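Accompanying notes for the structure given below.
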Amino acid sequence: MTRLLTPLGKHSGRPACLAASVLLLQALGNPASAQLLAANTPAQSTPAPTRASSILLKTLLKQWESEYHATIFYESTLVDNKRVPVPAETASSLAERLAIVLPQANLQFKELRENYFVVTSRTEKTALLSTTATAAPQDIPITGRVTDSKGEPLPGVTVLVKGTTTGASTDAEGRFSLNVPEGSTLVFSSVGYLR
């Protein structure tokens, strides 16, 4: 048998035997060849499984307020330090996204009006429903400016909510501001002008 030189200069028949065994196993199609190659192949490291990423609920709500140009009311104690899984982008409306995320934090929401939401704990659901059923409609802040046909401001114009005594007067620039119930009609009156 022919001896091969190893890097250290010694003769050894072992590498030749190993090479011949591998060639013979490959020729036979024996599954042992795969095992032999697997045993001599360095193991590849597999990445460790990643933990599902999560986000602070408060951060997510602020992001959605900006994205949807909405207002989300909540008590800071309800959302502080609560983390939720990062939601998939499957929902298109803010209400749909809130409906997916909030139950995971044992919270719920109610849409007060378009783009105005309130977040409460799930245990407060019955209290919230009974309160909103008996509560008067919320007032909406209204601001405006009264001008004549030429665009000049009209000071001293009385602005009243129709059928009530709630109202305001315009300032020197014709501007006014008041809070009115949703769906109200405003009546403008001024000396020298017809209604």
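A few remarks follow.
- The value obtained for region 54-134, namely the Cα convex hull volume divided by the number of residues, is 87 Å³ per residue.
- Summing Lys and Arg as +1 and Asp and Glu as -1 over all other residues whose Cβ lies under 10 Å from the Cβ of Arg97 gives a net charge of -3.
- Per residue, the convex hull volume that the Cα atoms of region 139-189 enclose (Å³): 69 Å³
- Treating r as the C-beta distance of Asn106 and Phe188 and R0 as 41 Å, the FRET efficiency rounds to 0.25.
- Cross-link reach list, aspartates and glutamates versus Lys58, counting only Cα pairs under 12 Å and skipping chain neighbours closer than eight places: Glu75, Asp80
- Length available on full extension from Asn81 to Arg113: 0.36 nm per residue minus the Cα-Cα distance, which gives 8.7 nm.
- Modelled this way, with points 7 Å down the Cα-to-C-beta line, the labels at Glu65 and Gln138 are 1.3 nm from one another.
Computed from the coordinates by the stated procedures, all read-outs in this text should not be read as laboratory data. Bear in mind the structure is a predicted one, so any value in this text is a computation, not a measurement. In this analysis, Cβ positions are derived from the backbone assuming ideal geometry, glycine residues included, and neighbour counts consider all displayed protein chains.
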